[in-house]
1. On average, how much accessible surface per residue is there in the chain, in Å², for a 1.4 Å probe, leaving out ligands, DNA and RNA?
2. Compute the acute angle (0 to 90°) between the alpha-carbon long axis of helix 118-127 and the principal axis of greatest extent of the alpha-carbon atoms of the chain; round to the nearest 10°.
3. List the lysines whose alpha-carbon lies under 21 Å from that of LYS46, not counting same-chain residues fewer than 8 positions away?
4. For region 1-156, which whole percent of the accessible surface, found with a 1.4 angstrom probe, sits on carbon and sulfur atoms?
5. Would you mind checking which residues have amide H under 5 Å from GLU109's amide H? H placed 1.01 Å from N; only 5 or more apart, or other chain.
6. Residue by residue through region 147-153, what is 3J(HN,Hα) from phi via Karplus (6.51 cos²θ - 1.76 cosθ + 1.60, θ = phi - 60°)? Round to whole Hz and write x for glycine and proline.
7. Can you list, bin by bin at 10 Å, the percent of alpha carbon pairs in region 1-149, starting at 0?
8. When the Karplus curve 6.51 cos²θ - 1.76 cosθ + 1.60 is applied with θ = phi - 60°, which whole-Hz ³J(HN,Hα) does each residue of region 17-26 get, with x for Gly and Pro?
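The values are calculated or read from the model by the stated rules, or taken from the named source; none is laboratory data. Quick caveat, the model's predicted, so the values are computed rather than measured. With ligands, DNA and RNA removed, areas are computed over all heavy atoms of the protein, side chains included. Shrake-Rupley method; radii C 1.70, N 1.55, O 1.52, S 1.80 Å.
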Amino acid sequence: MQNLTGAELIEKFGIDYFHNASTLGALSNNALTYLLENGIIFQLDKGDQLFAYDSPGDNFFVVLKGTIQFYKAGKHQSTHIRNYQFGQEIGSVAMIGLHNRVGDAFAGEDSIALKISCSLFHSLHETFPTDFGILLLNLSREMARRLRECDDKLANHNITH
């Protein structure tokens, strides 16, 4: 795993690339640039660990390229729950819920992820309040989609009484 700079990514992909990311969509160019320049950007090789079970949930990540696989810790084993693709975020539930990670995240292929810490999240609120509201709406939409996905799985699961 190595770090990249926001300037490198903007030069490589162009700012419009990031507007196609569901978590970052509709943010202004200035806010996107601010997040990319002030966040930590990781380039991960397939199999690299992004975060570990029980680590502090004081940040979240936006997948900028590739796939991040999430494994939820259970009583006896970890279970693959989902793959996070370009534009999706992973880890905001722990950050907003003020709890530690409930599983492990690994790069499913060579990937790039933007780490947004609590302090950067707060700083975005102070510096770009309108964009902060848009980001919160995007995060809320993603959580709502995941809740619906879980509800659908429960509704379609055959339970014998």
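1. Accessible surface, normalised per residue, equals 56 Å².
2. Once rounded, the angle reads 50 degrees.
3. LYS12, LYS65, LYS72, LYS115
4. C and S atoms contribute 52 percent here.
5. Here GLY47, THR67 satisfy the definition.
6. Per residue, the Karplus-derived 3J(HN,Hα) values read 4, 4, 4, 5, 4, 4, 5 Hz.
7. 12, 44, 36, 8, 1
8. Along region 17-26, the couplings run 3, 6, 5, 7, 7, 4, 5, 9, x, 6 Hz.
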